[in-house]
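Asks: Input: one structure, supplied below.
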Amino acid sequence: SGIIKFFTNNSQSMTLSGSSLGIGTNVPAAQLHVGNGNQSPSNTMGSPGVFIENSGNSNTYTALQVKTGGGLGLVVTNAANVGIGTATPGSRLHVKDSVDNSWTSGITIERSANTQRGYINMRGGGLMFNVDSGLPIKFLDGGTTNMTILGDGKVGIGQNTPLSLLHLKQAAGAN
């Protein structure tokens, strides 16, 4: 009741069950379920709108691939590695830039107010941390700033507002 089955060469290939569509599965577990089996999504995060499964379990199997007009956009492997700009992510998140000469490429982190941005990228053989002009780069531990680098090159260790090229301040009671 309420199920429409589609067959190719006498084999069921697609199922429409209520408002759920299964492609490659007889029992759709989401509004759109694409797979090569009848697995169920993890129920720890509620019911997904889209569920994609693949039977492989290594990084060589691609569970999801999104391409854009400019080439490869996003890949999720069966080993749960995510690649942006690369088809073979070597870690949980692997970002490969399309250019090597931009200060504002790579990973962009932007405030919700759309007013300030920070960037992490590789350029000229080095790892780059960059922020919009006038903003400091801060290293924190548990919410406490341990080191600050200002736009004019001043570095404060234990000091949020360094007054000289290198400004060291030891915490009270520290050895």
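The values are calculated or read from the model by the stated rules, or taken from the named source; none is laboratory data. In this text, all values refer to a predicted model and were calculated from it rather than measured experimentally. In this analysis, Cβ positions are derived from the backbone assuming ideal geometry, glycine residues included, and neighbour counts consider all displayed protein chains. Please note that ligands, DNA and RNA were not included when accessible areas were found on the heavy atoms of the full protein model with its side chains. Shrake-Rupley method; radii C 1.70, N 1.55, O 1.52, S 1.80 Å.
Asks: Could you pull out every residue, at least 5 positions away or on a different chain, whose amide H is within less than 5 Å of the one on LEU21? Hs are placed 1.01 Å off N in the peptide plane, and Pro or chain starts have none.
Replies: LEU32, HIS33
Asks: On the Cα set of the chain, report Rg and Dmax in Å, please.
Replies: 24.4, 79
Asks: Rounded to the nearest percent, how much of the accessible area of the stretch 45-175 (1.4 Å probe, protein heavy atoms only) is carbon and sulfur?
Replies: Carbon with sulfur: 55 percent of the solvent-accessible area.
Asks: Right, here's the next one. To the nearest 20 debye, what is the magnitude of the charge dipole of the chain about its Cα centre, counting +1 on the Cβ of each Lys and Arg and -1 on the Cβ of each Asp and Glu?
Replies: Taking the Cα centre of the chain as origin, the dipole is about 60 debye.
Asks: Leaving out ligands and nucleic acids, note down the accessible area per residue over the stretch 116-175 with a 1.4 angstrom probe, in whole Å².
Replies: Here the residues of the stretch 116-175 average 68 Å² of exposed surface.
Asks: Here's something else I'd like to know. Add +1 for every Lys or Arg and -1 for every Asp or Glu among the other residues with Cβ under 12 Å from the Cβ of THR148, and state the total.
Replies: +2
Asks: Would you kindly give the portion of the calculated P(r) for the stretch 73-147 that falls above 18 Å, as a percent of all Cα pairs?
Replies: Taking all Cα-Cα pairs of the stretch 73-147, the fraction more than 18 Å apart is 55 percent.
Asks: For the stretch 59-115, what are Rg and Dmax over the alpha carbons, in angstrom?
Replies: Just the Cα atoms of the stretch 59-115 yield Rg and Dmax of 13.0, 40 Å.
Asks: Counting only DSSP beta bridges with both residues in the chain, tell me the antiparallel percent, nearest 5. Write down the numbers at each step before the final one.
Replies: Values: 37 of 49 bridges.
Antiparallel bridges make up about 75 percent of those DSSP assigns within the chain.
Asks: Which of the peptides 81-89, 131-139 is most tightly packed, and how do the rest follow, judged by the mean count of other Cβ atoms within 10 Å per residue?
Replies: In descending order of packing, they fall as 81-89, 131-139.
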